[in-house]
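In what follows, a structure is listed as structure tokens, so that the remarks can point back to it.
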Amino acid sequence: MKEKVYNFGAGPAKLPFQVIQQIQEDFLDFKNMGSSIIEISHRSKEFDQLLCETDEFFRELVSLPANYKILYCHGGAQMQFSAVPMNIIGRKPARKALYYESGNFAGVAIKEAQKFGNIITVGSSSETNFDRIPEFNKADLDEDASYVHITSNNTVFGTRWHEFPDTGDLPLVVDATSEILSRVMDYSKFGIIFAGAQKNLGPSGMAMVIIREDLLEHTPDNTPKLLDYRIYDKKHSLANTNSTFAIYVINLVLKWLKSAGGVEAIEKVNDQKAARLYQVLDGTQFYTGHAHSDYRSTMNVTFNLPDQELLAKFLEEAAAENMTALKGYRLVGGVRASIYNAMPLEGVEKLASFMEEFERING
Ligand SMILES: *Cc1c(COP(=O)(O)O)cnc(C)c1O
């Protein structure tokens, strides 16, 4: 096997090594069944137990209020860009929803939602290339709207909503794909919070959707079965053959997080990790951070170098030292270090030291 690599990829992203090891150990014989997890029935009692346990782990980790449901939905985060309006935009006759455009995924969500109703972009930071979170104004809240949508952490640009806006009676819908379980959140403030699994939860292709029970009442009957939240709820996410493997990995990741002290403990480590990289960015003219310092993400740290040649050299030398997948997304360029829950402090320390040394030699 290749030497230990610190994978800073944005997603699919690094998972805890113990989880990957556990998967390998379990794989040939899941729970003494003589078959692997991907060969057993999703209707078996062993899988049912796993699913129930996964729910319990998640509920415990986020102190989920009893009136919220957990759904395991097909299609990753972007499927929810369609599912959310399909299920709840009909809450009010105006079929209107309010969106904050804080980055590219927010933009994609807006475009998709426009197929289903009247979508108002109430705030946008596009003019500053999404280096910040748009301003939230209570006056923009429109009682005719069915919900308000935000992207809590902007993966590409490296910004986040530090505090969630108080949207009053309007359900707040949160795309938390790139930061779910990375910090303590009060779930009672959310109407729906969803996350594609491939960043802090498990494999790609699935999203966890946490929904306040009363929002299950608005789905039109002609909604496709596998986008209908009511059916996911009624059938415990098994209306068809769901990705049993993805749910199994999520189960292991949640177990790992519990043993690491839960969300509160990992939040402290995440703050420490991010602070170390921002400390380098703040102490230099060589690197330029993309995110405005008031809105910085603790999951995706974005910055640039003085020119393209130095950038290429930086990426190449980092890779040679086993720090991979640091290239920024094309809309920002530069470097993006994604430091999700599974990235240990030592990986971040190694990157920070490398940055300092690279500047000393090339600055
Ligand atoms: C990665 C990401 C997505 C895209 O997820 P898919 O599972 O590929 O659809 C959406 N929103 C945010 C905030 C993301 O970080």
For the residue pair residue 164 and residue 226, what label-to-label distance in nm results when each label sits 7 Å from Cα along the Cα-to-beta-carbon direction? 2.9 nm
Tally Lys and Arg at +1 and Asp and Glu at -1 over the other residues with C-beta under 9 Å from the C-beta of residue 239: what net charge comes out? +2
Over the chain, with neighbouring protein chains present, the accessible area per residue in Å² at probe 1.4 Å is 43 Å²
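Could you tell me the calculated FRET efficiency between residue 258 and residue 349, based on Cβ-Cβ distance and R0 = 22 angstrom, to the nearest 0.05?
Efficiency for this residue pair is about 0.30.
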Using a/c under 1.5 as the rounded threshold, could you call region 37-195 rounded, prolate or oblate? The axes a ≥ b ≥ c are square roots of the C-alpha gyration tensor eigenvalues, and prolate needs a/b larger than b/c, oblate otherwise. prolate
Using Cα-Cα distances under 8 Å and only pairs 6 or more residues apart, what relative contact order does region 18-259 have, in percent? 26 percent
Net charge, residue 15 excluded, C-beta distance under 14 Å - Lys, Arg +1, Asp, Glu -1: +3
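Can you give me the % of accessible surface on the chain that is carbon or sulfur? Probe 1.4 Å, all protein chains present, nothing else counted.
Of all accessible area on the chain, carbon and sulfur atoms account for 48 percent.
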For a quick check, take a GNM of the chain with Cα springs below 10 Å and name the residue from 127, 39, 56 with the largest mean-square fluctuation. 127
Subtracting the Cα-Cα distance from 0.36 nm times the residue separation, let me have the gained length for residue 324 to residue 78 in nm, one decimal. 86.0 nm
Under the rule a/c < 1.5 gives rounded, and otherwise a/b versus b/c splits prolate from oblate, where does the chain land using the Cα gyration tensor? oblate
Rounded to whole Hz and in sequence order, give me ³J(HN,Hα) for region 198-213 from the Karplus expression 6.51 cos²θ - 1.76 cosθ + 1.60, θ = phi - 60°, writing x for Gly and Pro. 6, 10, 10, 10, x, x, 6, x, 9, 10, 8, 10, 10, 10, 5, 3
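Where does each of 14, 313 land when they are ordered by accessible area, with a 1.4 Å probe and the largest first?
Reading off the accessible areas and sorting them downward yields 313, 14.
Can you say what percent of the DSSP beta bridges in the chain, counting only those with both residues inside, are antiparallel? Round to 5.
55 percent
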Using only the Cα atoms of region 275-363, build the gyration tensor, take square roots of its eigenvalues as a ≥ b ≥ c, and label the shape rounded, prolate or oblate: rounded if a/c is under 1.5, else prolate if a/b is larger than b/c, else oblate. rounded
Tell me the accessible surface of residue 346 in square angstrom (1.4 angstrom probe, heavy atoms of protein chains only), to the nearest ten. 100 Å²
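The values are calculated or read from the model by the stated rules, or taken from the named source; none is laboratory data. Quick caveat, the model's predicted, so the values are computed rather than measured. Backbone-built Cβ (ideal geometry, glycine too); neighbour counts: all protein chains shown. Heavy atoms of the whole protein, side chains included, go into the accessibility calculation; ligands, DNA and RNA do not. Shrake-Rupley method; radii C 1.70, N 1.55, O 1.52, S 1.80 Å.
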